[in-house]
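A quick write-up on the structure given underneath.
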Amino acid sequence: MNHFEYRNGEMFAEAVPLRRIAQEVGTPAYIYSLATLKRHYSVFDQAFAKVPHIVCFSVKANSNLALLHSFAKQGSGFDIVSGGELFRALKAGGDPKKIVFSGVGKKKQEIEYALNSGILMFNVESEEELAALNEIAAGVKKKAPISLRVNPDVDPQTHPYISTGMKKSKFGVDIKKSLDTYKKALSMKNLEVVGVDCHIGSQLTSLTPFVDALAKVREYLDRVLAGELKKEGAQIRYLDLGGGLGINYNDETPPLPDDYAKAIIQGLEGLDVTLILEPGRVIVGNAGILLTEVQYIKETDTKNFVIVDGGMNDLIRPALYGSYQAIRPVVESKAETINADVVGPICESGDFFAKDRDIARPKRGDLLAVMSAGAYGFTMASNYNSHPKPPEVLVDGDKYYIVRKRETLDDLINGEVIPAALQ
């Protein structure tokens, strides 16, 4: 469910017409619905109400401070993958005791920052990281709470770029070899083993991969950690199952949070741990759109092009993953349907939002809404071709707020210098 809908033939974000935002803020622009964000978070959180759990929103999906603040007010924790994301989560009012630090390449300064901030735990991805954590924690006279990310070798049946739980992935430690890694962690004075982590990928539209991964992790916990490691003093208090629940972009039918939670809770019955869940896309994906304006219609002997002012620099998912994003007119049209590529201004053939899409013929100046752009949209935006990044707008009922200003041309060269010796 989202709060982008047509009223008398015109698309609104909650009670605000998108045309008004375009006129006052300009295009391209990201638009988010606060009501949708709150509802999606609440539905997900409530689905796990029967068991001890912490929802840690995945900051990489959307890192805008206003959105993170909204989640923090609802009690959310945060899943981070960099020191910058930790900085954002704390600035947004996040509780450090609900922050989990994931990722394969944590730097010394980032680890020190997280240790001094008192985060819940580090999800460790390799044996060398264990040793580094132990050394860095000793240097700041702290004990680092850790969870080992075990790799269950489960095919998530998603795009290979967002598949993270198979043997060939750069993420995690082979579940069959991880016992020895845990034993090494227990021997290190400045580490505290507190959990197990498992994340298999993103945009999953079936429960089967989740259930398969959970079965392997459950067997692992029952037979190994509850036995051999417990004897050595390990107290596994947290089971981090990551995120990955998909959304509807086109014709997908992903599981509802209630069905997902039911399967997880059933698979963990009798296990005395607190669940850590890291939803991202399922919370914000359908809560945002990219608003863009048609610049030109180009017709050739073989192809039609709808050229808009947004490009792969603003929303890279179609170019990077070949992913589908629905595109709707802001004002419904009765014009003839044409088959066209919807493309941007970037000097790359890969700069497109849609290929061979049937669309009501627009005209110059018409507004289009690229749907389901709330996750991995602005967070992956760039200044390629020296385009300023778009603004982010948060709609709340009949009001809207610019929660990130549009970049200016001066912003493009901020921090750059021409050395005096070269002038």
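Between Glu112 and Lys91, 0.36 nm times their residue separation minus their Cα-Cα distance comes to what? Let's see the in-between values first.
Details: separation 21, 0.36 × 21 = 7.56 nm, distance 1.75 nm.
Full extension from Glu112 to Lys91 adds 5.8 nm.
Determine, for His53, His69, His199, the number of other Cβ atoms within 10 Å of each Cβ, and report the residues in order from fewest to most. Before the final figure, lay out the partial values.
On the way: His53 21, His69 17, His199 25.
Final ranking by Cβ density, sparse to dense: His69, His53, His199.
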Phi angles of segment 354-368, converted by Karplus (6.51 cos²θ - 1.76 cosθ + 1.60, θ = phi - 60°) into ³J(HN,Hα) in whole Hz with x for Gly and Pro, give 7, 10, 6, 9, 6, 8, 4, 4, x, 10, 4, x, 5, 9, 10
Placing +1 on each Lys and Arg Cβ and -1 on each Asp and Glu Cβ in the chain, then taking the dipole about the Cα centre, the residue among Phe352, Phe305, Ala287 whose Cα reaches farthest towards the positive end is Ala287
In debye to the nearest 20, the charge dipole size for segment 172-299, taken about the Cα centre with +1 at each Lys and Arg Cβ and -1 at each Asp and Glu Cβ, equals 620
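For a quick check: sort Ser70, Ser58 by the number of other beta carbons within 10 angstrom, fewest at the front. It would help to have the intermediate numbers written out before the result.
Values: Ser70 21, Ser58 28.
Fewest-to-most ranking of Ser70, Ser58: Ser70, Ser58.
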Out of Ala261, Ala114, Pro391 - ranked by how far each Cα lies towards the positive end of the dipole of the chain, with unit charges on the beta-carbon of charged residues - the top one is Ala114
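Residue separation times 0.36 nm, minus the C-alpha to C-alpha distance between Lys143 and Lys231: what's the value? List each step's numbers first, then the result.
Working: separation 88, 0.36 × 88 = 31.68 nm, distance 2.08 nm.
Between Lys143 and Lys231, full extension yields an extra 29.6 nm.
What's the FRET efficiency of Lys355 with Ala335 using the Cβ-Cβ distance as r and R₀ = 25 Å, to the nearest 0.05? List each step's numbers first, then the result.
Numbers: r = 20 Å, r/R0 = 0.82.
After rounding, the FRET efficiency stands at 0.75.
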Listing Met380, Met371 by rising number of other beta-carbon atoms within 10 angstrom, fewest first, gives Met380, Met371
So, with points 7 Å from each Cα along the Cβ direction, the Leu186-Thr274 label distance in nm works out to 2.3
With label points set 7 Å from each Cα along the Cα-to-Cβ direction at Lys298 and Gln266, the distance between them in nm comes to 5.3
Using alpha carbon centers only, segment 17-62 is separated from segment 282-308 by a whole-angstrom value of 22
Ranking Leu271, Ala326, Ala421 by how far each Cα lies towards the positive end of the charge dipole of the chain (+1 on Lys and Arg Cβ, -1 on Asp and Glu Cβ), the top one is Leu271
Rounded to one decimal in Å, the inverse mean reciprocal Cα-Cα distance for segment 56-119, i.e. its Kirkwood radius, is 11.3
Treating only Lys and Arg (+1) and Asp and Glu (-1) as charged, each at its beta carbon, one finds that the chain has a dipole about its Cα centre, in Debye to the nearest 20, of 920
In whole Å, largest first, the alpha carbons of segment 5-142 cover along the principal axes 63, 39, 24
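Report for the chain the percent antiparallel among DSSP-assigned beta bridges with both residues inside it, nearest 5.
Details: 35 of 71 bridges.
About 50 percent, rounded to the nearest 5.
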Pseudo-spin-label distance Ser206 to Val51, built 7 Å along Cα→Cβ, given in nm, is 2.2
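The numbers here are math on the coordinates, done by the rules we state, and not lab data. Given the structure is predicted, the values throughout are model-derived calculations rather than measurements. Note: ideal-geometry Cβ built from the backbone for every residue, glycine included; neighbour counts use all protein chains shown.
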